[in-house]
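Data first, discussion second: the structure below is written as structure tokens.
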Amino acid sequence: MMKEIAPRVEIDLRKIKHNAQVLKKLYGEKGIQITGVVKGVGASLEIAKTLIESGITSLADTKIVNLKRMRMAQLNATFMLIRTPALSEIEQVVQFADMSMNTEIEVIRALSAEAVKQHKVHSVILMVEMGDLREGIMPEDVPDFIRQVLPLPGIRMAGLGTNFACFGGIIPTEQKMKEFSDLVKTIQKQFSLLLPYVSGGNSANYQWFKNTKDVGMMNHIRLGESIFLGRETVHGSPIPGLYQDAFCLVAEVIESKWKPSVPFGDRGRNAFGETVSFKDRGMIRRAIVGIGRQDVLVSGLTPVTPVEILGSSSDHIILDAKSSSLRPGDEVRFSLNYGAMLSVMTSPYVYKKYLHASEKDDSSVNRTSA
Ligand SMILES: *Cc1c(COP(=O)(O)O)cnc(C)c1O
């Protein structure tokens, strides 16, 4: 039998589509629109297309090159840059993004000048700092900031947003979400604005969303992980009715031998400068698979095959094969967390195998990434 390429990540587009449809319906029932955040999958065009087929009409990424690639592929969606633009990329931002999230007035002034030059209107969502301490304008500074944005030509003040659980691990609780909602209400009244985007968070907002009686002013959410891995991100719990296994990493055994479980000889540091210790399990079957830290965030892998990860170097993962009689050429399967998914989807060394691509688009089957 012809062997399949390894290492590879198998991506079940039907499962992603299911997850996206369920989430769109769920959030839609309380008036919340979804933007699909594709940064975690390297803005794979096959996956972006699948989201559009699921009824998602807006796609977001943190990298302008990814938005450019999706735009060039003529995907039918609005494109949102969800990291505040760098001054060095303003021209491309106006060219390839319909909208960007912002926190710096200098940047918005530059966007304004560029939008005028390109005869375009660029929409901005202002990010408000609610405590997670990554990006955001401090709440008390928001009114003055808006006062400076409103007169800028070529700029549309499209909304207010906030982000949780990305840096400081701050949870979007009922109280936090109400604070944000109240701020939005005050701003809308003060400036007689109607904001089309009140973008209250990401996959960390699920528990709040399920439990709250009132989503307040919030009408938009940016979702990556819960679409791709079927999880909320505060506790990492599975969301009922969604698939957690749309992604699976497959690696190939390149060595399998009975060896001691503890290294022998004088010991110093390993290739990564770490001093490692080992449990003595006597002689064990050790299997090596041909993938390593250069290709994947190894700590984010969980073997589906009944083996245990003992450690890894740049291009090897060393396994305790336990009772599996692994031989060279055998395949070992792993499930992935968000970090592992992100690393394999952006690695040029991991083959992308798409399962269940829609029939009308057979060009998307078995294609490697760019
Ligand atoms: C990555 C990101 C998201 C999506 O987060 P998930 O946890 O994958 O849903 C949303 N908003 C911003 C600003 C992001 O950077």
Return the residue satisfying two criteria in turn: it lies in region 336-357 and is among the hydroxyl-bearing types (Ser, Thr, Tyr) and part of a loop (DSSP other than H, G, I, E, B), and of such residues it is least open to solvent (accessible area, probe 1.4 Å). Ser347
Pairs under 8 Å by beta carbon, first residue farther than 13 Å from Thr103 by Cβ and without any contact (Cβ under 8 Å) to a residue 40 or more places away in the chain in region 139-164, partner away from the ligand (no atom under 16 Å from the Cβ) and open to solvent by less than 30 Å² (accessible area, probe 1.4 Å), six or more apart or different chains? Arg156/His122; Met157/Ile146; Met157/Val149; Met157/Leu195
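Open to solvent by 20 Å² or more (accessible area, probe 1.4 Å) and either more than 25 Å from Thr233 (Cβ to Cβ) or within 13 Å of the ligand (Cβ to nearest atom) (or both): is that true of Glu129 in this structure?
Values: open to solvent by 20 Å² or more (accessible area, probe 1.4 Å): no; either more than 25 Å from Thr233 (Cβ to Cβ) or within 13 Å of the ligand (Cβ to nearest atom) (or both): yes.
So Glu129 fails the test.
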So, in region 267-290, how many residues would count as being assigned to a strand (DSSP E or B) and open to solvent by 40 Å² or more (accessible area, probe 1.4 Å)? 3
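Every residue, every condition in (1) surrounded by 19 or more Cβ atoms within 10 Å (Cβ to Cβ); (2) out of contact with any strand residue (DSSP E or B) (no Cβ under 7 Å at 6 or more places or on another chain); (3) within 16 Å of Glu29 (Cα to Cα), yes or no:
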site: Ser192; (1), (2), (3): no, yes, no
site: Leu195; (1), (2), (3): yes, no, no
site: Gly216; (1), (2), (3): no, yes, yes
site: Gly224; (1), (2), (3): yes, no, no
site: Gly236; (1), (2), (3): no, yes, no
site: Ile239; (1), (2), (3): yes, no, no
Can you find a residue that is touching a Pro at 6+ places or on another chain (Cβ under 8 Å), under 21 Å from Ser199 (Cα atoms) and open to solvent by 10 Å² or more (accessible area, probe 1.4 Å) anywhere in region 136-150? no
Can you tell me which of (1) within 16 Å of the ligand (Cβ to nearest atom); (2) buried (at least 22 other Cβ atoms within 10 Å of the Cβ); (3) more than 16 Å from Arg222 (Cβ to Cβ) is the one Val107 doesn't meet? (2)
Being surrounded by 15 or more Cβ atoms within 10 Å (Cβ to Cβ) and either in contact with a strand residue (DSSP E or B) (Cβ under 8 Å, 6 or more places away or on another chain) or under 27 Å from Phe96 (Cβ atoms) (or both): is that true of Ile170 here? no
Please work out which one of (1) of a type outside the set (Lys, Arg); (2) touching an Asp or Glu at 6+ places or on another chain (Cβ under 7 Å); (3) crowded, with 18+ Cβ neighbours inside 10 Å is the condition Gly300 fails and give its number. (2)
Qualifying strands (runs of 3 or more DSSP E) (wholly inside region 53-157; at least 2 residues being touching a helix residue (DSSP H, G or I) at 6+ places or on another chain (Cβ under 8 Å) and small (Gly, Ala, Ser)): none
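To keep it simple, each residue is scored yes or no on (1) of a type in the set (Asp, Glu); (2) open to solvent by 40 Å² or more (accessible area, probe 1.4 Å); (3) in contact with a Lys or Arg (Cβ under 6 Å, 6 or more places away or on another chain).
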| position | (1), (2), (3) |
| --- | --- |
| Phe228 | no, no, no |
| Tyr243 | no, yes, yes |
| Val262 | no, yes, no |
| Gly292 | no, no, no |
Regarding region 34-52, can at least one residue be identified that is part of a loop (DSSP other than H, G, I, E, B), in contact with a strand residue (DSSP E or B) (Cβ under 7 Å, 6 or more places away or on another chain) and surrounded by fewer than 20 Cβ atoms within 10 Å (Cβ to Cβ)? no
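From the list Arg333, Arg327, pick out the single residue that is in a strand (DSSP E or B), modelled with pLDDT of 95 or more and open to solvent by 50 Å² or more (accessible area, probe 1.4 Å).
Just one listed residue meets the conditions, Arg333.
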List every residue pair whose Cβ atoms lie under 6 Å apart, where the two residues are 6 or more positions apart in sequence or sit on different chains, the first residue falls within region 258-287 and is over 18 Å from His316 (Cβ atoms), and the second residue, located anywhere, is of a type in the set (Ser, Thr, Tyr) and open to solvent by less than 60 Å² (accessible area, probe 1.4 Å). Asp280/Ser261; Arg281/Ser261
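Would you confirm whether or not region 236-247 contains a residue that is within 26 Å of Ser325 (Cα to Cα), within 16 Å of the ligand (Cβ to nearest atom) and touching a residue at least 40 places away in the same chain (Cβ under 8 Å)? Steps first, please.
At the first step, the residues of region 236-247 found to be within 26 Å of Ser325 (Cα to Cα) are 245, 247.
If we keep only those that are within 16 Å of the ligand (Cβ to nearest atom) as well, we get 247.
When the remaining residues are screened for being touching a residue at least 40 places away in the same chain (Cβ under 8 Å), the result is 247.
Checking region 236-247: at least one residue is within 26 Å of Ser325 (Cα to Cα), within 16 Å of the ligand (Cβ to nearest atom) and touching a residue at least 40 places away in the same chain (Cβ under 8 Å).
The values are calculated or read from the model by the stated rules, or taken from the named source; none is laboratory data. Predicted model, so just to flag it, every value in this text is computed and none were measured. When we count neighbours, we look across all protein chains shown, and the Cβ atoms used for this are built from the backbone with ideal geometry, even at glycine. The protein model used for the area step is the full one, side chains on, heavy atoms only, and it has no ligands, DNA or RNA in it. Shrake-Rupley method; radii C 1.70, N 1.55, O 1.52, S 1.80 Å.
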